[in-house]
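One structure is given here, and the rest of the page talks about it.
Each value in this text was obtained by applying a stated rule to the coordinates, not by laboratory testing. This one's a predicted model, so the numbers in the text were calculated from it and none came from an experiment. Note that each Cβ is placed from the backbone with ideal geometry, even for glycine, and that neighbours are counted across all protein chains shown.
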Amino acid sequence: PRYSPESDAGHRVLMPLLAQADEQLDVLMLSHRDADHTGGAKTVLAMQKQAVLWSSLEPGHPLLSEQAGQRCEAGQQWIWDGVHFEIVHPLAQDHGQTRKTNALSCVLLIRGAQGKALLTGDIEAQQERDLLQRGVPAVDFVLVPHHGSKTSSTPEFLQALQARIALAQAGYRNRFGHPAPPVLERYLEAGMAWKDSVHCGAALWRSDAPDAVHCERLAQKRYWHHTPQP
């Protein structure tokens, strides 16, 4: 998240991306407090002052000193431009009852007119079981829980989701070995199209074209990656 005392991922990656797309954020949602999910957030909030912070951060966290923020609680929902957004985890009573940050990940369900997506943060097997008990719906696109860790992506959860596309965010040759090979195999056996950030780069999924993911790394290959034509 931080490259030097003066530079972080928000400054070097996120803000140039937002500027290039001419995007102004309404909400910055941080699933939980782990550094790989909050790194660069202070810079983004400083440069996108209109953005409202949603998170599962505990009271007293440094980011909450910048603004009060909104705590994620299951049942919160809103509609933007005909697209329905709903927080499905954690429950209000989960806050303060667990010290494991992954268990408090904000999980966001997005319903468009033609497609649904589930953004899972770093939930693990127990949180997946909780969502199943509460009736998580089938979706078209799922962000692979916990970067493809062995702690998550239970067969029952994948069967309930029935997603067409699964995207794993995990760094090239990361020290955790994400995604775990057995987890990857589980998604393939479930018939999901597998995408990951190593091969896809920046990924764009649209609810009005739920069968496809645009992979920037494939669309904008460097010249040394191009296949010569005969």
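Some observations on this one:
- Selection of trypsin sites (Lys or Arg not before Pro), the stretch 59-133, meeting DSSP coil and at most 14 other Cβ within 10 Å: ARG99, LYS100
- Once the Cα gyration tensor of the chain is diagonalised, semi-axes √(5λ) in Å: 26, 24, 18
- Taking other residues whose beta carbon is less than 12 angstrom from the beta carbon of GLY201, and scoring Lys, Arg as +1 and Asp, Glu as -1, yields +2.
- Counting every pair of alpha carbons in the stretch 9-70, the share spaced more than 13 Å apart comes to 60 percent.
- Once you divide the Cα radius of gyration of the stretch 178-230 by 2.2 N^0.38 Å, the number left is 1.40.
- When the trypsin sites (Lys or Arg not before Pro) in the stretch 171-230 are filtered for DSSP coil states and for at most 12 other beta-carbon atoms within 10 Å of their beta-carbon, the remaining sites are ARG173, ARG175, LYS221, ARG222.
- Dipole in debye (nearest 20) - the stretch 119-172, about Cα centre, beta carbon charges: Lys, Arg +1; Asp, Glu -1: 80 debye
- With the Kirkwood sum run over all distinct C-alpha pairs, the stretch 113-230 has a hydrodynamic radius of 15.0 Å.
- Coarse-grained scattering of the stretch 42-94 at q = 0.24 Å⁻¹, given as base-10 log I(q)/I(0) from a Debye sum over alpha-carbon atoms: -1.00
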